[in-house]
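See structure below.
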Amino acid sequence: GEAKSGHDAFGRFTVNVTQLDHPITSGLNDFDVTDELYFRQDGSQPFEPLITGHSKKTDRDEPLAAVYRYGKGRIFQTLLGHSEKTYEAFEACEMLRRAAAWSANRRVQMIEP
């Protein structure tokens, strides 16, 4: 089987916005963060990644945030945020703000950088 999950060394990398038609990421640009890039996450829920990052260890684009449904609930999961440095990026803050509204089934207001 494939190796277990893990992460690249803490450092700077680019986050790629892969879902431009979702209210959480609509209109956001790719952005740089200083964080740990986690890879090979295990789970059974089908989801489309909203953002990805290219891992130096796996040499693959790894999903870093996604949404899915659980019953009537809306789930947003992100693998970013292992240090306050993540939130120096406007896009990381904006994505989290929008995700809170989307998860609560409220209207997502867009703020442009």
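The values are calculated or read from the model by the stated rules, or taken from the named source; none is laboratory data. Since the model is a prediction, treat every value here as computed from it, not as a measurement. We place every Cβ from the backbone using ideal geometry, glycine too, and count neighbours over all the protein chains shown. The area values use the complete protein model at the heavy-atom level, side chains included, leaving out ligands, DNA and RNA. Shrake-Rupley method; radii C 1.70, N 1.55, O 1.52, S 1.80 Å.
Couple of notes before you dig in:
- The listed residue being closer than 16 Å to residue 13 by Cα and surrounded by fewer than 19 Cβ atoms within 10 Å (Cβ to Cβ), out of 72, 85: 85
- All strands (runs of 3 or more DSSP E) inside segment 42-113 with 1 or more residues being within 13 Å of residue 25 (Cβ to Cβ) and aromatic (Phe, Trp, Tyr): 73-78
- Selection status of residue 5, surrounded by 14 or more Cβ atoms within 10 Å (Cβ to Cβ), in contact (Cβ under 8 Å) with a residue 24 or more places away in the chain and small (Gly, Ala, Ser): no
- Out of 52, 14, one residue alone is β-branched (Val, Ile, Thr) and open to solvent by less than 30 Å² (accessible area, probe 1.4 Å). It is 52.
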